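I have placed the structure first, in the form of structure tokens, so that the comments after it can refer back to it.
What follows draws every value from the coordinates through simple rules; no lab data is involved. These figures come from a predicted structure and were not determined experimentally. With ideal geometry, Cβ positions are generated from the backbone for all residues, glycine too; neighbour counts draw on all protein chains shown.
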Amino acid sequence: MKTNLLFIIVIFHKFIYQITAFVHPIEIFGKFFIDSITREPFYLKGLDYQPGGAAAVNLKEDVLSNPSKCIRDIVLMQDLGVNTIRVYSVNPDLDHDFCMTLLAKAGIYLVLDVNSPLPGQHLNRYEPWTTYTMGYIEHVFKVVDVFSKYNNTLAYFAGNEIVNDKRSARNSPPYVKQLISDMKQYMIKNSPRVVPVGYSAADDLQYRIPLSKYLECEHGDFPHGSVDFYGVNTYQWCGHQTFETSGYDKLTEAYREYTKPVFFSEFGCNEVTPRLFEEIEPMFSSLMFTTFSGGLVYEYSLEPNEYGLVKIDESKKSITILEDFKTLKKMYHTVNTPTPEKVAHELANANNPNSFKKISKASECDSEYENIEITKQPSNAIGKEFIEHGVNLIHSPSFIELESEDMHSSEYKVYDVDGKKEYLSVDEMRIDETINISEITDYELERIDRNRQKNKSMF
């Protein structure tokens, strides 16, 4: 009986480890994202993913809750060669286990915005005090509580382009900082791990730089209120340009001494079409990789703004590959993310203007910042009850076991640019499992066990 019990315990532990170790969580070291297990630098080679736009999230569905659509799109994500996607809004009350497990098996990480376009689930940039409510905070904490359970959740955006004009710059910055503080305090108290929290800035130099400094700094009124990273939405590289003519040299210089990781949360100008994505090569070269940690192309599906890589026709259950898809695929498959050796070499290269010798800590906040107002005083009491006691989840999230047939899509047809020839056959509409869940290090087992003891609900 004792032997059998021991055997059951061993099997149970192995099952737990298999379920939770599809991908290594990503952490932050200085101004780099790193693999928490291998300690190698991690660079985002990804895309923004929100098929259907703002209307894609509702009470019944979001882009990470529909298994058939997830299979369909992850196949194409793998074909592109991406390792990260950004999703702009989710409903935390829905079941995301299937899609998050698929992404994990495909080796794809998630950067997730915590706001949504639904009523009471986003900040009013002009009058944020009217929307920074218990209901809003509960929504944010639910998102955080759900997705922190998945190892492949890379990061959260506390906001996207909230500060984008004079009026929002006068009213919103302290509320963004308060939200970051609340989110991080919640995870410290309630989550199995503290997922990095950052902000995605509008493509406006007038506000982007001073806001980055304000969100970077430490302030006693905002415990843990310094961003863990900063996202930059930029569309300044259009058509055939160079590192200098595009202004990427000045953009890189502006963040050279930033103490946190910086990446492009949106990029891919469409003023010149078809898009060439020539900015990708310098992005992963020594010109930039000690300052920027990669980026996310805007965007996966064709919407009214004409940035899409694919055209989705739900009525015909079909997807048509667009020319930009093929160009991006070529670029992503051509460039390699920097190796630890290359990063170390550049960090020690005194002749490289983008290098740095010492990782600095964020400084104390100044009393004022150019072009933004920071005197507003958000209430730090709104989130305290949830921080102390947690939120109630409708669905308990976890990775799930999937069979081979679960990773195959036969429901959709994928056509080439001409809309007639098949781009992928039915047999090719299958997700490749790139993460071997049996290859788990002792160090990872230790970390998983430690997290399990910290919060058993994770499993």
Please go through the stretch 238-285 and write out the GluC sites (Glu not before Pro) that DSSP classes as loop and that have at most 15 other C-beta atoms within 10 Å. E244, E257, E271
Taking the Cα centre of the stretch 113-190 as the origin and placing charges on Cβ (Lys, Arg +1; Asp, Glu -1), which of F147, S181, Y132 is farthest toward the positive end of the dipole? S181
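Expressed in nm to one decimal, what extension gain is obtained for the pair N305 and E257 from 0.36 nm per residue of sequence separation less their Cα-Cα distance?
13.9 nm
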Give me the base-10 log of I(q)/I(0) for the chain at each q in 0.05, 0.09, 0.11 Å⁻¹, Debye formula, one uniform scatterer per Cα, rounded to two decimals. -0.17, -0.58, -0.89
Note the per residue figure in Å³ for the convex hull of the C-alpha positions in the stretch 63-191. 107
With the stretch 166-264 reduced to its Cα atoms and the Debye formula applied, log10 I(q)/I(0) at q = 0.12, 0.14, 0.16 1/Å amounts to -0.45, -0.59, -0.73
With 18 Å as the limit, write out which pairs from K105/K330; K105/K149; K260/K329; K250/K361; K311/K421; K250/K342 have Cα-Cα distances beyond it, or answer none. K105/K330; K260/K329; K250/K361; K250/K342
Using θ = phi - 60° and Karplus 6.51 cos²θ - 1.76 cosθ + 1.60, couplings along the stretch 117-122 (whole Hz; Gly, Pro as x): x, 5, x, x, 10, 7
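Only Lys, Arg, Asp and Glu count, each charged at its Cβ (+1, +1, -1, -1), so figure out the dipole size of the stretch 215-290 about its Cα centre, rounded to 20 debye.
Values: 4 positive and 13 negative charges, 27 e Å.
In total the dipole reaches around 120 debye.
Around L322, what is the net charge, scoring Lys/Arg as +1 and Asp/Glu as -1 over all other residues with Cβ under 13 Å from its Cβ? If you can, show how the numbers build up before the last one.
Values: positive: R275, K311, K326, K329; negative: E299, E303, E306, D313, E323, D324, D416, D418.
With Lys, Arg at +1 and Asp, Glu at -1, the neighbours total -4.
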Would you be so kind as to identify which of P25, T242, N164 lies farthest towards the positive end of the dipole of the chain, taking Lys and Arg as +1 and Asp and Glu as -1 on Cβ and the Cα centre as origin? P25
Counting sequence-distant residues (5 or more places) and residues on other chains, those with an amide H built under 5 Å from that of V232 are A201, F263, F264, S265, E266
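First select every other residue whose beta carbon is under 11 angstrom from the beta carbon of L276; then total the charges, Lys and Arg +1, Asp and Glu -1.
Details: positive: R275, K330; negative: E278, E279, E281, E323, D324.
Taking every Cβ under 11 Å from that of L276, the sum is -3.
Output the DSSP H helices from the chain with an along-axis C-alpha extent of no less than 24 Å and a mean Kyte-Doolittle hydropathy no less than -0.5. Could you put the intermediate results ahead of the total?
Numbers: long enough: 2-20 (27 Å, 1.16); 173-190 (26 Å, -0.64).
Once both thresholds are applied, what remains is 2-20.
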Give the dimensionless ratio obtained when the Cα radius of gyration of the stretch 369-418 is divided by 2.2 N^0.38 Å. 2.46
